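Novice: Can you keep this structure in mind? I'll have questions shortly.
Derivation of every value follows stated rules applied to the coordinates shown; laboratory data play no part. For clarity, every value in this text was computed on a predicted model and none was experimentally measured. Here Cβ is always computed from backbone atoms with ideal geometry, including for glycine, and neighbour counts include all displayed protein chains.
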Amino acid sequence: MSRAPTTQQPKLPPLLQRRSGAMTRELLLQPGSYGLGMTHQTLLPDTTTTAVCGYCATGCGLRLHLRQGEAVGLTPETDYPVNLGMACPKGWEALRVLQSEDRATHPLLRDAGGELRRLSWDDALKEFCSRFKAIQSQHGKDSVAFLSTGQIATEEMAFLGALAKFGMGLKHGDGNTRQCMATAVTAYKESFGFDAPPYTYDDFEQSDCLVFIGSNLCIGHPIMWERVLRNRRSPEIIVIDPRRTETAMAATQHLQLRPKSDLVLLYAITQHLIASGLVDHDFVTNHTSGYPEFQQHVESFTPDVASKLTGLSADQIRRAAEAIGTASAASLWWTMGVNQSYEGVRTAQAIINIALITGNVGKPGTGANSITGQCNAMGSRLWSNTTNLFGHHQFDNCDHRQKVADALRIDVDRIPREGSWSYDRIIEGIRRQEIRGLWVIATNPAHSWIHQSDVRELLGQLDFLVVQDMYSSTESAQHADLVLPAAGWGEKEGTLINSERRYGLQRRVRPAPGEALADFQIFRAIAHYWGVGDMFDEWTDPEAVFRIMQRASRGQPCDITGIAGYEQIDRCGGVQWPWTERDAAEQPAPATQRRLFEDGRFYTPDGRAKLIVDSIASMPEAPDQRYPILLLTGRGSVSQWHTQTRTSKSPILRKLYPNDPYIEINPEDGSQLGIGSGQTARVISRRGQAKVTVLLTPTIPAGQAFMPMHYESTNLLTLSHFDPYSRQPSYKDCAVRIEPADRK
Ligand code: SF4
């Protein structure tokens, strides 16, 4: 793969950097500069270059077409090993959403009258530091927290985590990845000993039986679905989903179970695999632990028993189990239908258990595979330095603290001895007034957090709220005291890690509007204004931070010490972790498709994967007489992304989805309620109500309803409850009633 020629400004000699304090500050705040004489890479005027897409965790490669050094168009990259020349509408429109009137172009501060008013970066950063420091001196260092994201570059989130925790002394910070991936992280960590999705996308094409649990791949990850369609083995495709989704319609078996009965179903599939002699006993004996207790636990979950709880027939359950057990390569894939659940971790582990006992691990076409959501959720999992220490080390392990301190060349006493509160605990901390200041980066809690009216009220109670974002119009920015304008994808550099552990490059192919700065620059400037700039002397630019991350990764399962640098990532079509110095010494280049656990050794102390089971939990808010319908939420269309801060800015994308909130209900419910398709209804939960357009569809069973998460009003309805192990919100089960909108 070719790489566009680049030029880079030379570094100033160190002495000059130190002496010229005034120049340093000026350079720090100059768009396109990293300060200290470093600038973003400058591209040649008329050429093309490549970058990975900045929306979802598929991580497609895009070719950017430049005129006079600026990207004017893009096409999917044909030889990138992820997408092979394909892109979804969001990727095609990635440049368009950068040109929007509501881009944040200057820092904004709320005045005494409640208006957001423009101020200089210098004043904004002084305000940032003085207000947060005042809160810390009055209420303790822990009274300021941060909420990070899976949407910025890995090096930026590493900088943020190090600056906030080691520089500013903040103890509590979490990311919006808590909303999408925390369950998979916890499940893998407990079962495999490390948060390690084992697969590579080639597994979609090498599998004889693909099982999708709580994943509407066609809509959520359309390019991954294209990879499934390239499978030439006529695979069995089993979809486990309460809705008859687009993916379910294309499946060979659709197990349309009752919502949240997936753990029962998975245990019943397991029971039938054992009862039918479809267990790979060699693999179980040599590579797992806990089999006797596991076998005993699932014994009572016969297909007949599970049939009553899931609404499926016992034959359907047996047929699915036998398809998995007899396939020469079976793979199991899950996403938010599992992760966003009050028993998500145990459900994910039930999936992992099935892969383990059938020996479907470490071989082509196999795996227990969590599909990630955001473009850099995987980067956040390893490098955000929030609940886990830098490089997925542990805060409470003194050897880990020392190792990270050495890698970062900082005093070990700067590293806290415990991880931070999870997102929900930070929100509860605001309620108890233990958190008084909050810094929100590239996420939109006022729209996306569960039980929205509650979180909005709490954001309003903060002494100081800073929102750092591309757009000044987000629901969260509207609550902010200070808005810091940030560059977006295409306006800055760094790496993103996709679902299959692949580091890919994003590039600066356009200038950011107005005075907006790359998040990297903002963190660098804050370090300077906070008075801890010296600690980050080495953090001059994203690639320098990448080298620090490499040092910190040494010896971890995610070791990347063998990656030669950004040039190699680009030339090789991305590089999957791990890629160690030893790998690099022994092999000429990383293979484009690599999976984990080929040797059957896991990252647990005894090298064995754990078979973990638990009892079934009951649904916290089951439908009843007053609220008889169970509301599920999820992705609406391939053209919408999360809270739509970006996708709503493209006129083309806007044409591809309904602009107003809607609800899908079964025609039977529609006729009982006296509501037809296209009519307006009120959806009411115990927490709030939303006005929506009704869509009658048989794809959703009677007694259930579905609303896309992209509309602001959806989370007015959702119930604040969480998986007890991962603290991930359970977005897909709350009781509602639906009324015609004109009923008084
Ligand atoms: Fe971008 Fe994801 Fe679409 Fe690929 S599938 S183009 S990564 S949004």
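Novice: Under the definition of Cα pairs under 8 Å and six or more residues apart, what whole-number percent is the relative contact order of region 25-99?
Specialist: So the answer I get is 20 percent.
Novice: How high is the relative contact order of region 182-370? Use alpha-carbon pairs under 8 Å, at least six apart in sequence, and give a whole percent.
Specialist: Values: 343 pairs, mean separation 58.7, N = 189.
Once divided by the residue count of region 182-370, the mean separation gives 31 percent.
Novice: Across region 208-219, in residue order, what do the Karplus-derived ³J(HN,Hα) couplings come to in whole Hz, using 6.51 cos²θ - 1.76 cosθ + 1.60 with θ = phi - 60° and x for Gly and Pro?
Specialist: 8, 9, 10, 10, 10, 10, x, 9, 9, 4, 3, 9
Novice: Within region 528-542, name every residue whose backbone N is under 12 Å away from a label modeled 7 Å from Cα of GLU26 along the Cβ vector.
Specialist: none
Novice: Still on this structure, please answer the following. Can you list the equivalent-ellipsoid semi-axes of region 300-345, largest first and in whole Å, using the square root of 5 times each Cα gyration tensor eigenvalue? Could the numbers behind the result be given before it?
Specialist: Details: eigenvalues 83, 69, 13 Å².
Those come to 20, 19, 8 Å.
Novice: Leaving out same-chain residues fewer than 8 places away, which lysines sit with a Cα under 20 Å from that of LYS189?
Specialist: LYS610
Novice: Could I ask something else about it? TRP333's amide H: which non-local residues (gap 5+, or another chain) put their own amide H closer than 5 Å, with H modeled 1.01 Å from N in plane and none for Pro or chain starts?
Specialist: Amide H to amide H, under 5 Å and 5 or more residues apart or across chains, TRP333 pairs with VAL211, PHE212, ILE213, ASN369.
Novice: Please work out whether region 229-301 counts as rounded, prolate or oblate from its C-alpha gyration tensor, where a ≥ b ≥ c are the square roots of the eigenvalues and a/c under 1.5 means rounded, while otherwise a/b larger than b/c means prolate and anything else oblate? Walk me through the numbers before you get to the answer.
Specialist: Numbers: a/c = 2.98, a/b = 1.52, b/c = 1.96.
Because a/c hits 1.5 or more and a/b fails to exceed b/c, region 229-301 counts as oblate.
Novice: Related question: From the phi angles alone, apply the Karplus equation (6.51, -1.76, 1.60; θ = phi - 60°) to region 562-578 and give each ³J(HN,Hα) in whole Hz, x where the residue is Gly or Pro.
Specialist: So the J values, rounded to whole Hz, are x, 6, 6, x, 4, 4, 5, 4, 5, 5, 8, x, x, 10, 7, 7, x.
Novice: Ok, one more. Quick check on packing: order 695-705, 73-83 by the mean number of other C-beta atoms within 10 Å, highest mean leading.
Specialist: 73-83, 695-705
Novice: For LYS363 and GLN296 in the same chain, what is the full-extension length gain: residue separation times 0.36 nm, less their Cα-Cα distance, in nm?
Specialist: 21.3 nm
Novice: To the nearest 0.05, how large is the calculated FRET efficiency for ARG118 and GLN394 if R₀ is 56 Å and r is the Cβ-Cβ distance?
Specialist: FRET efficiency, ARG118 to GLN394: 0.80.
Novice: Something else: Using a Förster distance of 22 Å, how high is the FRET efficiency between GLU418 and ALA134, based on the Cβ-Cβ distance and rounded to 0.05?
Specialist: 0.30
Novice: Right, another one. Share of antiparallel DSSP beta bridges in region 629-740, in percent to the nearest 5? Walk me through the numbers before you get to the answer.
Specialist: Values: 15 of 24 bridges.
Just about 60 percent of them are antiparallel.
Novice: Roughly how tilted is helix 542-553, in degrees to the nearest 10 and between 0 and 90, from the longest Cα axis of the chain?
Specialist: 60 degrees
Novice: What does the extension gain come out to for ASN286 and ALA617, with contour length at 0.36 nm per residue minus their alpha carbon separation?
Specialist: 116.0 nm
Novice: Next up: Which of the three applies to region 182-370, rounded, prolate or oblate, going by the alpha-carbon gyration tensor with a ≥ b ≥ c and a/c under 1.5 meaning rounded? Can you show the working numbers first?
Specialist: Values: a/c = 1.29, a/b = 1.12, b/c = 1.16.
Rounded.
Novice: List HIS172, HIS297 from most exposed to least, where exposure is judged by having the fewest other Cβ atoms within 10 Å.
Specialist: Values: HIS172 27, HIS297 19.
Taking fewest neighbouring Cβ atoms as first place, the list is HIS297, HIS172.
Novice: Using a/c under 1.5 as the rounded threshold, could you call region 629-740 rounded, prolate or oblate? The axes a ≥ b ≥ c are square roots of the C-alpha gyration tensor eigenvalues, and prolate needs a/b larger than b/c, oblate otherwise.
Specialist: Oblate, since a/c reaches 1.5 and b/c is not below a/b.
Novice: Each label point is 7 Å from the Cα along the Cα-to-Cβ direction; what then is the distance between the points at ARG682 and GLU581, in nm?
Specialist: According to this spin-label approximation, the distance is 6.7 nm.
Novice: For GLY150, what residues show an amide H to amide H distance below 5 Å, using hydrogens built from the backbone and excluding near sequence neighbours?
Specialist: Here ASN176, THR177 satisfy the definition.
Novice: A further question on this structure: Under 20 Å from the Cα of LYS171, which lysines turn up, not counting those fewer than eight places away in the same chain?
Specialist: LYS171 reaches LYS133, LYS141, LYS403.
Novice: For the chain, give the share of DSSP beta bridges that are antiparallel, in percent and rounded to the nearest 5; count only bridges with both residues there.
Specialist: Percentage antiparallel, nearest 5: 50.
Novice: Loop only per DSSP, at most 15 neighbouring Cβ atoms within 10 Å: give me the GluC sites (Glu not before Pro) in region 80-126, ordered by residue number.
Specialist: Passing sites in region 80-126 are GLU101, GLU115.
Novice: Between Rg and the Kirkwood Rh of region 208-250, both from Cα atoms, what is the Rg to Rh ratio?
Specialist: Reported Rg/Rh (Cα atoms, Kirkwood Rh): 0.93.
Novice: For Cα pairs less than 8 Å apart in space and 6+ apart in sequence, what is the mean separation divided by the residue count of the chain, i.e. the relative contact order in percent?
Specialist: 19 percent
Novice: Using θ = phi - 60° and the Karplus curve 6.51 cos²θ - 1.76 cosθ + 1.60, what whole-Hz ³J(HN,Hα) does each residue of region 724-733 get, with Gly and Pro shown as x?
Specialist: Ordered by residue, 3J(HN,Hα) equals x, 9, 9, 6, 7, x, 9, 7, 10, 7 Hz.
Novice: Roughly how compact is region 438-499, stated as its Cα Rg over 2.2 N^0.38 Å to two decimals?
Specialist: Ratio of Cα Rg to 2.2 N^0.38 Å: 1.23.
Novice: Can you give me the angle between helix 344-357 and the longest principal axis of the chain, using Cα atoms only, in degrees from 0 to 90, rounded to the nearest 10?
Specialist: Its long axis makes an angle of about 70 degrees.
Novice: Now for a separate question. Give the residue list of trypsin sites (Lys or Arg not before Pro) in region 568-664 that are DSSP loop and have at most 12 other beta-carbon atoms within 10 angstrom.
Specialist: Details: sites: ARG571, ARG582, ARG594, ARG595, ARG601, ARG608, LYS610, ARG626, ARG635, ARG646, LYS649, ARG654, LYS655; in loops: ARG594, ARG595, ARG601, ARG608, ARG626, ARG635, ARG646.
Those satisfying the criteria are ARG626.
Novice: Right, something else. Quick one: what does P(r) look like for the chain with 20 Å bins over all Cα pairs, in whole %?
Specialist: Answer for the chain: a P(r) of 17, 53, 28, 2 percent.
Novice: List every residue whose amide H lies under 5 Å from the amide H of PHE722, counting only residues 5 or more places away in sequence or on a different chain, with H placed 1.01 Å from N in the peptide plane.
Specialist: Here the answer is SER730, since their amide H atoms fall under 5 Å of that of PHE722.
Novice: So how much slack lies between ASP742 and ARG626, counting 0.36 nm per residue of separation and subtracting their Cα-Cα distance, in nm?
Specialist: Residue separation times 0.36 nm, minus the Cα-Cα distance, leaves 39.9 nm.
Novice: Another question, then. Using R₀ = 45 Å, calculate the FRET efficiency as 1/(1 + (r/R₀)^6) where r is the Cβ-Cβ separation of GLU538 and SER276; round to 0.05.
Specialist: With R0 = 45 Å, the Cβ-Cβ based efficiency is 0.20.
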